[in-house]
Amino acid sequence: MAIDLAVVPVAGRGTRLLPLTKSQPKEMLPVGRRPVVQYVVEELARCGIKRILFVTGPGKTAIENHFDIDVELINHLRETGKEEFLAELAFEREDVEYFYVRQRRQLGLGHAVLCSRAFVDGDCFVVALGDSILGLNERSRIVEVMVERFKASEAAAVIAFEEVAPEDVAEYGIALPRDKDAEVFILDDLVEKPDPSQAPSNLAVAGRYVFSPVIFEALAETPPGKNGEIQLTDAIRRLIRAGRKVLGIRLPPGERRFDIGHFESYFRAVVEFAVADPQFGAALRQRLGIKSC
């Protein structure tokens, strides 16, 4: 069975990036030559996704506008002799259908995924966080690999993980893998934002998931936690404790997650994408005294 549907939660307010996010979605912040969410969509399209459901909230209409076909802009570029810029709008012609549903209350990532239940309608599906870029220069195909593992293993879920510094584990959901050295492993537990001294590993959720529809049952049964939010991590733990197979898969060597969640990670992404730019990166590296990208 083909998995061609992805749910992309983009409803968060981005308060840690104020005032940048006061009047624009954090998913539309520029990194390199694109807004963050465009990298996510292009990654999913390369991995065979044909339908994308954005779970949106207040102030997110810029995302809808960005993925519309802007005929007026196209005509303007042609009429003013700026056809060379038409290539920058190629993403508008991706073989993808876009859909939108509102998360009417800010009740956490788990609740955002739960908002997609009626649309998903019993299908298996991908979840890709709209504020997380994987890899530089469109290299990531981890979702494609995850879908293959999901179909081959009859798992309830497959989750991508990235190794992070021990002092950073308190910012993420952290895996307790059955085999800590394996590339693909069974998850024995998943701990949300543990204290570094108590973390079961340094494998952090990398913002990509593949789920069977049973995740919705687990989400519906998951009580709200801190701040009244329903955590996706708690629902995944519920699957594990019910005896469902949940697999973890490491990002390939050299492939990193750029989490646009706060200023430190955002600035890091902006700099790394800028110095890797194929046209301007070399001159920028020279100006900054960086020997190599």
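Each reported figure results from applying straightforward, stated rules to the coordinates on display, with no laboratory input. Everything quoted here is computed from the prediction, not taken from an experiment. Note that we place each Cβ from the backbone using ideal geometry, even for glycine, and neighbour counts take in every protein chain shown.
The C-alpha atoms of the chain define a longest principal axis, and helix 232-241 lies at about 30 degrees to it. Please go through segment 186-293 and write out the trypsin sites (Lys or Arg not before Pro) that DSSP classes as loop and that have at most 11 other C-beta atoms within 10 Å. Those that pass, being in a loop and sparsely packed, are LYS291.
Peptides 156-165, 98-107 ordered by packing proxy, namely the average of other Cβ atoms within 10 Å per residue, highest first: 156-165, 98-107. Amide H contacts for ASP189 (H built 1.01 Å from N in the peptide plane; partners 5 or more residues away or on another chain; cut-off under 5 Å): LEU176. First select every other residue whose beta carbon is under 9 angstrom from the beta carbon of HIS111; then total the charges, Lys and Arg +1, Asp and Glu -1. Result for the local shell: 0. Once the Cβ-Cβ distance of ASN227 and HIS262 is raised to the sixth power relative to R0 = 25 Å, the FRET efficiency obtained is 0.90.
Note that segment 185-199 has calculated 3J(HN,Hα) couplings of 9, 7, 8, 8, 6, 9, 10, 7, 6, x, 5, x, 6, 10, 5 Hz, one per residue in order, obtained from phi through the Karplus relation 6.51 cos²θ - 1.76 cosθ + 1.60 (θ = phi - 60°); glycine and proline are x.
Label point of PHE91 set 7 angstrom out along Cα-Cβ; within segment 136-179, amide nitrogens under 20 Å from it belong to 136-144.
Could you work out which residue, out of ILE69, ILE215, ILE236, moves most in a Gaussian network model of the chain, that is, has the largest mean-square fluctuation with Cα springs under 10 Å? Top of the fluctuation ranking is ILE69.
Of LEU136, LEU239, LEU77, the residue with the greatest mean-square motion in the GNM of the chain, using alpha carbon springs below 10 Å, is LEU77.
Assigning unit charges at the beta carbon (Lys, Arg +1; Asp, Glu -1) and nothing else, what dipole magnitude in debye, to the nearest 20, does the chain show about its Cα centre?
On the way: 38 positive and 44 negative charges, 107 e Å.
Charge dipole, the chain, about its Cα centre: 520 debye, nearest 20.
Among residues other than SER201 with Cβ under 13 Å from its Cβ, the summed charge is -4 (Lys and Arg +1, Asp and Glu -1). The 3J(HN,Hα) values that the Karplus relation (6.51, -1.76, 1.60; θ = phi - 60°) gives for segment 177-183 are, in residue order, x, 5, 10, 5, 9, 7, 6 Hz. Gly and Pro appear as x.
Using a cutoff of 8 angstrom between alpha carbon atoms and counting only pairs six or more residues apart, the relative contact order for segment 40-130 works out to 45 percent. Between amide H atoms placed 1.01 Å from N, distances below 5 Å from LEU134 occur with PHE258, all of them 5 or more places distant or on a separate chain. Quick one: Cα centre-to-centre distance for segment 248-271 and segment 6-39, in angstrom? Going from one Cα centre to the other spans 14 Å.
For segment 203-293, which chymotrypsin sites (Phe, Trp or Tyr not before Pro) pass both filters: DSSP loop (anything but H, G, I, E, B) and at most 16 other C-beta atoms within 10 Å?
Of the chymotrypsin sites (Phe, Trp or Tyr not before Pro), the ones in loops of segment 203-293 whose Cβ has at most 16 other Cβ atoms within 10 Å are PHE280.
How many angstrom lie between the Cα centre of segment 92-132 and the Cα centre of segment 53-91? The two parts, judged by their Cα centres, are 21 Å apart. Each residue of segment 164-173 is assigned a 3J(HN,Hα), and the resulting list reads 10, 5, x, 6, 9, 5, 5, 9, 9, x Hz, derived from the Karplus form 6.51 cos²θ - 1.76 cosθ + 1.60 (θ = phi - 60°), x at Gly and Pro. Dividing the summed -39500 (n - 2.57) terms of all DSSP H runs of n ≥ 4 by the residue count of the chain sets its mean residue ellipticity at 222 nm at -8500 deg cm²/dmol. Put simply, the amide H of GLY173, placed in the peptide plane, has neighbours under 5 Å in LYS193, VAL205, leaving out anything fewer than 5 places away on its chain.
Angle check, please: helix 142-153 long axis (alpha carbons) against the longest principal axis of the chain (alpha carbons), in degrees 0 to 90, nearest 10. It works out to around 30 degrees. When the charge dipole of segment 93-202 is built from unit charges on Cβ atoms (+1 for Lys and Arg, -1 for Asp and Glu) and taken about the Cα centre, the candidate among VAL101, LEU136, ALA157 whose Cα reaches farthest toward its positive end is VAL101.
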